[in-house]
1. Expressed as an acute angle from 0 to 90° and rounded to the nearest 10, what is the orientation of the C-alpha long axis of helix 3-32 relative to the principal long axis of the chain?
2. Which one, (1) 12, 40, 35, 12, 1; (2) 11, 22, 15, 13, 10, 11, 13, 5, 0; (3) 14, 49, 32, 5, gives P(r) over Cα pairs in 10 Å bins from 0, in percent as derived from the coordinates shown?
3. Report the full-extension gain for the segment TRP25 to GLN73: residue separation times 0.36 nm, less the Cα-Cα distance, to one decimal in nm.
4. Taking 8 Å as the Cα distance limit and 6 or more residues as the minimum spacing, I'd like the relative contact order of the chain as a percentage.
5. Would region 37-108 count as rounded, prolate or oblate if I go by the C-alpha gyration tensor, calling it rounded below 1.5 in a/c and otherwise prolate when a/b exceeds b/c, oblate otherwise?
6. Along the Cα-to-C-beta direction of ASP33, a point sits 7 Å from the Cα; which residues of region 70-105 have their amide N less than 15 Å from that point?
7. Run the quick spin-label model on ILE46 and ILE61: label points 7 Å from Cα toward the beta carbon, then report their separation in nm to one decimal.
Amino acid sequence: MSFWDFLLWILWIYLVITCVWIFIWIFIDIFRDHTLSGWGKAGWVILLIVLPFLGAIIYLIARGRSMTERRMQETQAAAQANADYIRSVAAAPSPTAEIESAQRLLASGAISQSEFDALKAKALAS
């Protein structure tokens, strides 16, 4: 096997992996699309099975823009959910929660009464 044969095999493997990846993304998009009816999904799947390359090209031409828009909406929704989660976790605790926490520490003996009074005064001041 020569060096050029090796490079040709690498090219073919790359093309096969790329084609499989494109088909997987198209199938995922077909089944995630809520605007497409069941018959429409079935039609696209049949087209992709019977004529895979032609079906993939037709799908990307016909529905490529909506495919991108759905992906962008999913990404924005995930980013918004992440931001909401971070805000909820990073929010400053309420004075009541701080006093309850200090009360538990006092009851467990981890802090003294004077330390509890200092924590309570600090919580009420904020």
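1. Orientation of helix 3-32: about 60 degrees from the principal axis.
2. (2)
3. Values: separation 48, 0.36 × 48 = 17.28 nm, distance 1.62 nm.
Between TRP25 and GLN73, full extension yields 15.7 nm more.
4. Answer for the chain is 15 percent.
5. Details: a/c = 6.27, a/b = 4.05, b/c = 1.55.
Verdict is prolate for region 37-108.
6. Counting only backbone N, you get 70-72.
7. About 2.1 nm, to one decimal.
Quick note: the coordinates plus some simple rules give every number you see, no bench work behind them. Here the structure is a predicted model, which means the values were calculated and not measured. Reconstructed Cβ throughout: ideal geometry from the backbone, glycine too, with neighbour counts over all protein chains shown.
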